[in-house]
Amino acid sequence: MSSSAASISSAPVAPALAGSSLPLGIGLAGLAVAAAGFFVDGPQAAAAGWLTAIVFWVGIAVGMLFLIMLGYIFDAGWSVVLRRQVEHVVSVFQWLAILFLPLLLLSWFYQPDLLWRWMNPDFDFASVGGHGTVATDILYAKKSGFLSMSGFTLRAVAYFGIWIGLAALFRRNSFSQDADGDPKWTLSSRKWAAAGLALTAVTSTFAAIDWVKSLEYHWFSTMYGVWYFSHGMRGALSVLALIAIIGLARGTFTGVVNRTHLYDVGKLMLAFTVFWAYITFSQYFLIWNANIPEETFWYNLREAGQWKWVGMVILFGHFLLPFLVLLSYKVKVVPKALAAIAIWILGTSLLDVCYNVLPFRKDALGEPLPFLNLQLVWTLAAVVGMGGICVWSYLRSFPTAKLIPIRDPRIQESLSHRE
């Protein structure tokens, strides 16, 4: 074992980033402002902002879960010193489940069609520029076996149950290995990672369909679950880069994380930037090429008014700019440069989620409400609020284990990882 690992092994559990109640205070304040939108701007505006924040942060948390499992499946040595921070992040699933609960309660007990119109068979599309009701809609009739409130609720419980269970299992195995060094914990994690990848892929795909795609249930897309996966991975890698950079700046990761680790994270950020572009372009091209009204209307709504310019910002800001910047070796190894592009990616990722969620709100002519309106205040407040809860959850978990997995079989390889 190297001197760095030995010193961490003999030291108490690392407290350097723990104990701050500020993120919790910010989180609760943000959520309070977001909830105030219910009374100021109407329940639908507040609920839409809340849903946007849930989709954004759950995607990143699921991306972190994927990072843990992919590390075990590929037996990756370089990432072991960073894995502990990912394990702390995935402690957030239980809190995200609680934060999702208000949307279920509003749908069940307040207004079924507040977000998902198919939940109310009597919803009249005339109010949003259409005609007929959900009950008389042939597309709803064909999808009604899947689109039911009870099924939606049970699936949401299953999603969070699986994510919470997998996160707890990987955390238990990793933390237990710190104590006894038994290789059985790594072997157990590898086995569960094989099953967990499939479970997480399926649950995240269905969550994206349930929570976002079914907002406009007439729409068809076979690429949607993969879009959500790419969003989560880009967000997770950006957050991981920021955690590593902040830890280095504070001296917490000195002698543990080096610039080669940052370089590898940066390479993955570039890879998933290209992957996101491939998935997003493929979805657009297939729908454009088929030219079927049941599919093209989704883009038609987003290629007019302010949403057209939002789409342009996503195209150039979420793909082209990060792609060109991350091609540079220097950007991937200079902490300030990597932090800047990570923050940029998180910002444009949020814009991408807004682009997918918010245009379902329409005026009497069937046109999406503009991007720049009061709705954005509640959305940003919810994102900041839930982000505060996520940071608090990470800091709450941080002092419960060693800084790195000190007895992982590949910890020495990770500590000495160099280009």
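Where a number appears in this text, it was derived from the coordinates with a stated rule and is not lab data. Note that this is a predicted model, so its numbers are computed, not measured. Positions of Cβ are generated from backbone atoms using ideal geometry, with glycine treated the same way; all protein chains shown enter the neighbour counts.
Annotations
- FRET efficiency, 1/(1 + (r/R0)^6) with R0 56 Å, evaluated for Asp122 and Val274 via beta carbons: 0.75
- As computed over the range 11-100, the Cα convex hull volume per residue (Å³): 112
- Per-residue extension of 0.36 nm, minus the Cα-Cα distance of His131 and Trp344, leaves a gain of 72.6 nm for this segment.
- To the nearest ten degrees, helix 43-73 and the longest principal axis of the Cα atoms of the chain are 40 degrees apart.
- Distance between the range 202-280 and the range 100-117 - C-alpha centres, whole angstrom: 28
- In the chain, the alpha-carbon atoms span a convex hull of 134 Å³ per residue.
- Residue-span extension gain [Leu320 to Leu154] - 0.36 nm each, minus C-alpha spacing: 55.8 nm
- Length-normalised contact order of the chain in % [C-alpha pairs under 8 Å, at least 6 apart]: 38
- When the alpha carbon gyration tensor of the range 89-158 is reduced to an equivalent ellipsoid, its three semi-axes come out at 28, 14, 10 angstrom, largest first.
- Exposure proxy ranking, count of Cβ atoms within 10 Å, fewest first, for Ile341, Ile162, Ile73: Ile73, Ile162, Ile341
- Tilt relative to the chain, helix 22-40 - C-alpha long axis, 0 to 90 degrees, to 10: 0
- Against the chain, whose longest principal axis is taken from its Cα atoms, helix 259-290 shows a tilt of about 20°.
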